[in-house]
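To start, the structure under review is shown below, and the notes come after it.
The values are calculated or read from the model by the stated rules, or taken from the named source; none is laboratory data. Every value quoted in this text rests on a predicted model; they were computed, and no experiment measured them. Note that each Cβ is placed from the backbone with ideal geometry, even for glycine, and that neighbours are counted across all protein chains shown.
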Amino acid sequence: MDIKKFVAQRKALQISQVKLSAGICTQATLSKFERQGRVPSLAILEQLCERLGLTVDELNADDASSVARLRQRLDEIERQLMMEDYQTVLQALTAMPIEQLTAVPLRLQYYYLRGMLRSLINGSASDVCFDFSQILDDLDHAHETIFTPLAYVGLGIMYGRLGTLTKAQFYFDLVHDYVEEALTSVSSRDYLRLLTLIFYTAEYDATVDQFASSDRLLTAGIDLCSTEHVTYYLPRLKYLAAENAVRQQLDETVIEQLMSETLAFARINHDQVVEVKLAALRQRYTEQVNN
């Protein structure tokens, strides 16, 4: 990020730090950005740049190719996380050069991915909270991006795994509110992240026997996959729907169809994790019927 360009523009316009930061952030925040390179949240940076007649992209212009490469790498890691390839994600994040993630959107994505991975593989609570605090307390402290509800999901998963269900429910309730609104206005870039919110919230609802809520979310997720013509999230959504159906002891025809659809989408997407889960679910279901 070309902070010198930012400072030069401010001085050229003869605007003091106090005047520039007024109504946007503290003067100390602006000073840390200009002198120490501590990048504020994206919302703050955009407002500061707008006041100077600049854009955030202009500050990143000199590093455009580098930013594009890093974004591509992070997007691939995010796809692997959605596919539950946790070992690959862990290796990729470990190798990611954090010091090069100067652009706020990249830092948001990185801390979300690392925090979510740690939540899913039972990482330490302090590490999970640290990663998500980077989003909630710093990079998106105004809670204006989808990374805030993604952080809520990660925290909900962590507290759920710790058995602290009151705290888990608190965060998943926040996600429920976001999902309801987002389903009517999801952006083309964020629909996969919205599917992540939907899946993990539906999964949590099922673990606390809130099947009606879980099934509604799954239906919304499947409809979103259809609308956006995306298939690689469908195996997980269909599997959870099948698992819910088994636990609710729905009609055998419904269960068999959901299992068949799960298997079909898992094979199309080469999702071996879901195939293994489905085989175990089918065995449990067969034993349940026979008993």
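At pLDDT 95 or above and surrounded by 24 or more Cβ atoms within 10 Å (Cβ to Cβ): is that true of Ala168 in this structure?
So Ala168 does not fit the description; no.
Do we have Val230 as part of a helix (DSSP H, G or I) and among the β-branched types (Val, Ile, Thr) here? Outline the logic, then answer.
Numbers: part of a helix (DSSP H, G or I): no; among the β-branched types (Val, Ile, Thr): yes.
Criteria not met by Val230.
Restricting the stretch 204-234 to residues that are among the small types (Gly, Ala, Ser) and farther than 23 Å from Glu275 by Cβ, which is surrounded by the fewest Cβ atoms within 10 Å (Cβ to Cβ)?
Residues of the stretch 204-234 that are among the small types (Gly, Ala, Ser), as a first pass: 206, 212-214, 220-221, 226.
The next check asks that each one be farther than 23 Å from Glu275 by Cβ; those that pass are 212-213, 220.
Details: Ala212: 11, Ser213: 16, Ala220: 18.
Once the filter is applied, the top-ranked residue is Ala212.
Would you mind telling me which numbered condition in (1) surrounded by 13 or more Cβ atoms within 10 Å (Cβ to Cβ); (2) outside the structural domain of Phe172 (by TED's automatic domain parsing); (3) not polar (S, T, N, Q) Glu50 fails?
So Glu50 meets the others, but not (1).
List pairs: first in the stretch 132-158 and assigned by TED's automatic domain parsing to the domain that holds Thr29 and closer than 10 Å to Gly115 by Cβ, second of a type in the set (Lys, Arg) and in a helix (DSSP H, G or I), Cβ under 7 Å, 6+ apart or cross-chain?
none
I'm trying to understand the selection: among the residues of the stretch 236-265, which are within 21 Å of Tyr191 (Cβ to Cβ), surrounded by 23 or more Cβ atoms within 10 Å (Cβ to Cβ) and hydrophobic (A, V, I, L, M, F, W, C)?
Leu237, Leu240, Ala241
Need the failing condition index for Tyr233 against (1) touching a residue at least 60 places away in the same chain (Cβ under 8 Å); (2) over 16 Å from Asp190 (Cα atoms), just the number.
(2)
Having 2 or more residues that are of a type in the set (Lys, Arg) is the bar; report the helices (runs of 4 or more DSSP H) wholly within the stretch 84-197 that clear it.
Numbers: elements: 86-95, 104-120, 125-133, 147-161, 165-182.
Hits in the stretch 84-197: 104-120.
Identify the residue in the stretch 11-47 that is under 24 Å from Asp140 (Cβ atoms), among the basic types (Lys, Arg) and at pLDDT 85 or above and, among all such residues, is surrounded by the most Cβ atoms within 10 Å (Cβ to Cβ).
Just the residues of the stretch 11-47 that are under 24 Å from Asp140 (Cβ atoms), to begin with: 17, 20-47.
Subsequent filtering for residues that are among the basic types (Lys, Arg) retains 32, 35, 38.
After this cut, where a residue has to be at pLDDT 85 or above as well, the list is 32, 35.
Numbers: Lys32: 15, Arg35: 11.
Filtering first and then ranking leaves Lys32.
Collect the residues in the stretch 171-198 that are surrounded by 14 or more Cβ atoms within 10 Å (Cβ to Cβ) and small (Gly, Ala, Ser), keeping them in residue-number order.
The answer is Ala182, and nothing else.
When you go through (1) out of contact with any helix residue (DSSP H, G or I) (no Cβ under 9 Å at 6 or more places or on another chain); (2) closer than 28 Å to Leu113 by Cα one by one for Gln14, which number turns out not to apply?
Unmet for Gln14, out of (1) out of contact with any helix residue (DSSP H, G or I) (no Cβ under 9 Å at 6 or more places or on another chain); (2) closer than 28 Å to Leu113 by Cα: (2).
For Arg79, indicate whether it is assigned by TED's automatic domain parsing to the domain that holds Leu113, more than 26 Å from His141 (Cβ to Cβ), part of a helix (DSSP H, G or I) and out of contact with any Ser or Thr (no Cβ under 7 Å at 6 or more places or on another chain). Let's see the steps before the verdict.
Numbers: assigned by TED's automatic domain parsing to the domain that holds Leu113: yes; more than 26 Å from His141 (Cβ to Cβ): yes; part of a helix (DSSP H, G or I): yes; out of contact with any Ser or Thr (no Cβ under 7 Å at 6 or more places or on another chain): yes.
Judged against the criteria, Arg79 is a match.
Which number in (1) over 21 Å from Leu150 (Cβ atoms); (2) modelled with pLDDT of 95 or more; (3) of a type outside the set (Gly, Ala, Ser) marks the one condition that Thr231 misses?
Status for Thr231: all satisfied but (2).
Say whether the condition of being in a helix (DSSP H, G or I), more than 30 Å from Arg161 (Cα to Cα), aliphatic (A, V, I, L, M) and out of contact with any helix residue (DSSP H, G or I) (no Cβ under 9 Å at 6 or more places or on another chain) is met by at least one residue in the stretch 20-39. It would help to see each step written out before you state the result.
Applying the first criterion (in a helix (DSSP H, G or I)) to the stretch 20-39 yields 20-21, 27-36.
Retained after the next criterion (residues that are more than 30 Å from Arg161 (Cα to Cα)): 20-21, 27-36.
Narrowing the set further to residues that are aliphatic (A, V, I, L, M) leaves 20, 28, 30.
Then drop every residue that is not out of contact with any helix residue (DSSP H, G or I) (no Cβ under 9 Å at 6 or more places or on another chain), which leaves none.
No, the stretch 20-39 contains no residue that is in a helix (DSSP H, G or I), more than 30 Å from Arg161 (Cα to Cα), aliphatic (A, V, I, L, M) and out of contact with any helix residue (DSSP H, G or I) (no Cβ under 9 Å at 6 or more places or on another chain).
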